[in-house]
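Read-outs throughout are calculated quantities, based only on the coordinates presented, and are distinct from any laboratory measurement. Since we're looking at a predicted model, the values are computed, not measured. Here the Cβ positions follow ideal geometry from the backbone for every residue, glycine too, while neighbour counts run over all protein chains shown.
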Amino acid sequence: MTMAPDRVRTRFPEISTRTWEHPADRTALVTLRSLSGFDTVLRALSSLLRERQHRLLYLATAVRVDDRQFRTLHQLRADCVGVLDAQVTPEMFVLQDPSVNAFTIGMDKPFIVLTTGLLELMDTEELRFVVGHELGHALSGHAVYRTMLMHLMRLSASVGWMPVGGWALRAIVAALMEWSRKSELSGDRAGLLCCQDVDASVRVHMKTAGGAWLKEMNHGAFLDQADDYLRSGDLRDGVLKLLNLELQSHPFSVLRAAELRRWIQSGEYDRVLSGTYPRREQDRNARISDEVKEAARHYRESFDQSEDMLVRTVRDLGRDVGSAVNTVGQEVGRTVADLGKRFDDWRKN
């Protein structure tokens, strides 16, 4: 059956991806795009990863979404492309897999994959949020770096053949993992801009955390969990929180919902809906220094307002936030630049 949009949604002509990108994510992206060393590594990895073969695998094993197959998803994608004024419509595939997952990968032409487990769990408006989330990844260029991270993770267990030391690979994986977590927050903002339904955006995270029994869960109580998580515990718990997140490519569902709530409460979501957002024509003027300052401001505010015991201890010791908290963009930049230099040296030798 065809599915007509249930209501008219605000559209955002010429919207820049910087509108929905989390400050730390945006800093990393601006930095990565400006690094020649990173380009060298990326080109080398792209040739090793056989990008075309990767897409052909899904073309052969999954179902491609179009006006004849999974028409509802096809229309949801078209709606999201229209809302975000996307200039390219990424391919989308549905993969038979009971796990609940959606991802965007590919370096040349990014494409979106949704699992059947996800489709069976979400209703139409929740799927609109998910499709918008993944479209946000594609438009921001996240798929390029996420594909690199995915393959680097596979390589990290056997790095003996790498032309650089294993420590360099582990460093860039750690930096990209932290960036990946922030990019998920960006994707959530893009998803909300596409669906423009706050309740649906929270339900997605409730279901990914607790499954299909939505009638047994409570919107407010779910968000209260995030407050309890951030406030509770002693110094040991603060350290354990960091350890729990260390190898995660995605933030925890409860915390993602809370972060989206903070973005809404900041007034930024309403400003975008009213038409106040950066345009694509302004992207060429974006400077790394400005993005770093914005990320630093975000971290400083989070640091100052945090109720986590570990953060409170550091704060009470009077440490300078500017030196204690570094931005993701700077960390990724330094690591990638060093890796690129070593890679160039290896090629010359």
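Kindly rank 181-188, 275-282, 83-90, 197-204 from highest to lowest mean number of other beta carbons found within 10 Å of each residue.
On the way: 181-188: 24.2, 275-282: 12.9, 83-90: 15.9, 197-204: 20.2.
Output ranking for 181-188, 275-282, 83-90, 197-204: 181-188, 197-204, 83-90, 275-282.
Where does the charge balance sit around Arg68 when Lys and Arg score +1, Asp and Glu -1, over other residues with C-beta under 15 Å from its C-beta?
On the way: positive: Arg64, Arg71, Arg77; negative: Asp66, Asp67, Glu91.
Around Arg68, the surrounding residues sum to 0.
Give the peptides 266-273, 126-133, 98-105 in descending order of average Cβ contacts within 10 Å, highest first.
Working: 266-273: 13.9, 126-133: 27.1, 98-105: 17.0.
Going by the mean number of other Cβ atoms within 10 Å, highest first, we get 126-133, 98-105, 266-273.
To the nearest 0.05, how large is the calculated FRET efficiency for Gln69 and Leu273 if R₀ is 22 Å and r is the Cβ-Cβ distance? Kindly include the intermediate steps, with their values, before the conclusion.
Values: r = 33 Å, r/R0 = 1.50.
About 0.10, to the nearest 0.05.
Tell me, what is the FRET efficiency for Lys215 and Asp97 to the nearest 0.05, using R0 = 25 angstrom and their Cβ-Cβ distance as r? Mind showing how you got there, number by number?
Values: r = 26 Å, r/R0 = 1.02.
E between Lys215 and Asp97, to the nearest 0.05, is 0.45.
With θ set to phi - 60°, apply the Karplus curve 6.51 cos²θ - 1.76 cosθ + 1.60 along the stretch 90-99 and write out the HN-Hα couplings as whole Hz, x wherever there is a Gly or Pro.
x, 5, 9, 10, 10, 10, 5, 6, x, 6
Looking only at the stretch 66-99, which residues have a backbone nitrogen under 12 Å from a spot 7 Å from the Cα of Ala60 in the C-beta direction?
None, by backbone N distance to the label point.
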